[in-house]
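These notes are about the structure you will find just below.
The values are calculated or read from the model by the stated rules, or taken from the named source; none is laboratory data. Here the structure is a predicted model, which is why all the values come from computation and not from measurement. Virtual Cβ from ideal backbone geometry, glycine too; neighbours counted across all protein chains shown. SASA here: full protein model, heavy atoms, side chains in, ligands and nucleic acids out. Shrake-Rupley method; radii C 1.70, N 1.55, O 1.52, S 1.80 Å.
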Amino acid sequence: MDISLFLFPASVLAPVGLMLVAALLARLKRVGTAGLWRVFQTLSGSAVLSIGVAVWLGPGTLPLPSALQTSRLGLILALGVQVLGTVIGGFSARYLQGEAGQRRYVAALAGVLAAVHVLLLADHWVVLVAAWALVGMPLQHLLCFYPDRAFARLAALKKRIADRAADALLAAAAALAWMEVGCGSLSALWMHIAQAGASPALQLSALLLVLAVALRTALLPVHGWLIQVMEAPTPVSALLHAGVVNLGGFVLIRFAPLLEQAAPARAVLLAFGLATAVLAGMVMLTRISIKVRLAWSTVAQMGFMLLECALGLYTLAALHLIGHSLYKAHAFLSASTVVRQTRLQSLHGPSSASLLSLAGAPVLAFAGVLSVQLLSGQSAWPWWWSAVLALAWAPLLWLPEVSAAHPARALRLLAGGVMVVGLTGAALLAHALPLGIQDAPQHEAGLVALSGLLTLYALLAVLQRRPRWLAGGWRWSYAGFYVDEAYTRLALRLWPACWAPEPRTHAGLPIACLSADRRPLAT
């Protein structure tokens, strides 16, 4: 019997089994804490090798169970997630040394990784809904690893409410699609759309799917839990920002055939993504704490990634997903280094950009992006996206207002230009990777997105030159535009909960929990 008949399915499914074994072993008292971490690292490393074999064999080499299906992007993400889990496991073993509850932590970490692998393989509505719900269940234990931290418990409560709402929306989307197609298979759904298009029921299903993804990816206005989760251990933050929260982008890419036929759903996605990218980007500029700034950066990046999906640029969204995961994993796990770098930069003192560079940087960046595209002979994305990239990379070409020697300014401008050209070349090379994704650019929506990001760049330019003009808006931006406060009140009103630690007494007075109107709840 040919062993290759079993190699591909086994290599794809092995990570799920290995992570479940790690979760079960964490419940056994016979294994010491240090030994448990060694076992987890061994099993996680074996899972990396297994999924690496699956990537090498390629998707679709052999059939899997009917409810599961592989794709090249899914396999690459599965490999990245497992590598991330292995790195986080090694970091956590040192970070949590001497802490209580490490067994619970290992079990929850392994459970999250197992559920993510199932979600990446889902080819059936039931598997998709169940796997995404299962990702959040062990994640709650990681968020509340320190149960005496009130804001960690509040963040877990707000995420749980958002997750349950997303589960309900996703289940409703599944029911509508199932009734229309006659089965829950996603592959059958793609075939139905290709033959008959998207009926009103499927249009509504796509809209519910978009709303569910918006809740899961912490877009405004339900982003607060992702900011407050900084109370959790640093490796948990890395897992969230580099792995779990990015799953919404993968789901949207997976449902690209449905989104292409659902203009209302794309419009809603465009509005959520663009508003989140612009507002969260402004709030991020007001933050001093490194980890909180990184958290707001994640919110903005999620908005930007979903914006790419709304514009039909699915390949760029996939590359954004992968790049953001790698960057945020490194940023959180090396947060102390970032703090030192920030302190060194602050020694040079603030310096505003010159008016000429603020006006000329987007033009030069746009010319650089177009030049690389022309020289490469590739037209990987529309012209308006080149303009968006130019706006994003224009700050690399800003020159300070302070007087400096002309050679130093020229060298800085040259370095910025090299970075713009290098980033464009890297994007083109990555865009040529065989990810099996087909783009469907939406040109009218692209112009809307370009207008929104032009507005953001104009605000940044005003902040550089005339910050007093935006003093009132700056205070609102520092407060996060008070969006999270409204959601927090709503969450506590809908689901009053004791998110503070167990009631204790201080000077004979009980410490009570708060409701939405800040009245103490009964304890």
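Residues with amide H under 5 Å of H124's amide H, sequence separation 5 or more or different chain, H placed in the peptide plane at 1.01 Å from N; which?
L186
Test of understanding: given the chain, find the longest segment containing no trypsin sites (Lys or Arg not before Pro) that are in a DSSP loop and have at most 13 other Cβ atoms within 10 Å. It would help to have the intermediate numbers written out before the result.
On the way: sites that count: R27, K29, R30, R504, R518.
In short, 31-503.
For L356 and Q378, compute 0.36 nm times the residue count separating them, minus their Cα-Cα distance, and round to one decimal in nm. Write down the numbers at each step before the final one.
Details: separation 22, 0.36 × 22 = 7.92 nm, distance 3.14 nm.
Result: 4.8 nm gained on full extension.
Please name whichever of A131, Y105, A171 sits farthest to the positive end of the charge dipole of the range 67-221, dipole taken about the Cα centre and charges placed at Cβ: Lys and Arg +1, Asp and Glu -1.
My answer, from the dipole projection, is Y105.
At a Förster distance of 56 Å, what's the computed FRET efficiency of Y146 paired with A263, Cβ-Cβ distance as r, to 0.05? Could you put the intermediate results ahead of the total?
Details: r = 46 Å, r/R0 = 0.81.
Using R0 = 56 Å, I get an efficiency of 0.80.
Can you tell me the length gained on complete extension of the stretch E401 to R104, counting 0.36 nm per residue apart and subtracting the Cα distance? Walk me through the intermediate numbers first.
Numbers: separation 297, 0.36 × 297 = 106.92 nm, distance 5.37 nm.
Between E401 and R104, full extension yields an extra 101.6 nm.
Y95 label point, 7 Å along Cα→Cβ, cut-off 14 Å on backbone N: hits in the range 127-159?
Output list for this probe position: 142-146.
Could you please state how large a percent of the accessible area of the range 1-50 is carbon and sulfur, counting protein chains only and using a 1.4 Å probe?
Details: 2100 of 2910 Å².
The C+S portion of the solvent-accessible surface of the range 1-50 is 72 percent.
Choose one of P467, A196, S371: the residue whose Cα lies farthest towards the positive end of the charge dipole of the chain (beta-carbon charges +1 Lys, Arg; -1 Asp, Glu; about the Cα centre).
Farthest towards the positive pole: P467.
Assigning unit charges at the beta carbon (Lys, Arg +1; Asp, Glu -1) and nothing else, what dipole magnitude in debye, to the nearest 20, does the chain show about its Cα centre?
Values: 34 positive and 17 negative charges, 362 e Å.
That gives a dipole near 1740 debye.
Cα centroid distance between the range 357-398 and the range 276-322, in Å?
A separation of 19 Å, based on Cα centres.
Under a plain spin-label model, where a point goes 7 Å from the Cα along Cα-to-Cβ, how far apart in nm are R466 and R409?
Distance between the two pseudo-spin positions: 2.3 nm.
For a Förster distance of 35 Å, can you work out the FRET efficiency between the beta-carbons of A440 and A165, rounded to the nearest 0.05? Write down the numbers at each step before the final one.
Numbers: r = 29 Å, r/R0 = 0.83.
Approximately 0.75, to the nearest 0.05.
What is the distance in Å between the Cα centroid of the range 18-38 and that of the range 141-200?
First find each Cα centre; the distance between them is then 31 Å.
Each label point is 7 Å from the Cα along the Cα-to-Cβ direction; what then is the distance between the points at A188 and V55, in nm?
3.3
Write down the accessible area per residue of the chain in Å², having rolled a 1.4 Å probe over the full set of protein chains. Don't jump to the answer; show the numbers that get you there.
Values: 23590 Å² over 523 residues.
That works out to 45 Å² per residue.
In deg cm²/dmol and to the nearest 500, what is the mean residue ellipticity at 222 nm of the chain if only DSSP H runs of at least 4 residues count, each as -39500 (n - 2.57), divided by the residue total? Could the numbers behind the result be given before it?
Details: 22 runs with 374 residues, N = 523.
The helix contribution divided over the chain gives -24000 deg cm²/dmol.
How high is the FRET efficiency from L20 to L326, r the C-beta distance, R0 30 Å, rounded to 0.05? Let's see the in-between values first.
Values: r = 26 Å, r/R0 = 0.88.
Calculated transfer efficiency: 0.70.
Given Cβ point charges of +1 (Lys, Arg) and -1 (Asp, Glu) and nothing else, what value in debye, to the nearest 20, does the dipole of the range 201-312 about its Cα centre take? Before the final figure, lay out each step's value.
Details: 6 positive and 3 negative charges, 31 e Å.
For this selection, approximately 140 debye.
Label A486 and L28 with points 7 Å out from Cα along Cα→Cβ: what is the distance between them in nm?
5.3
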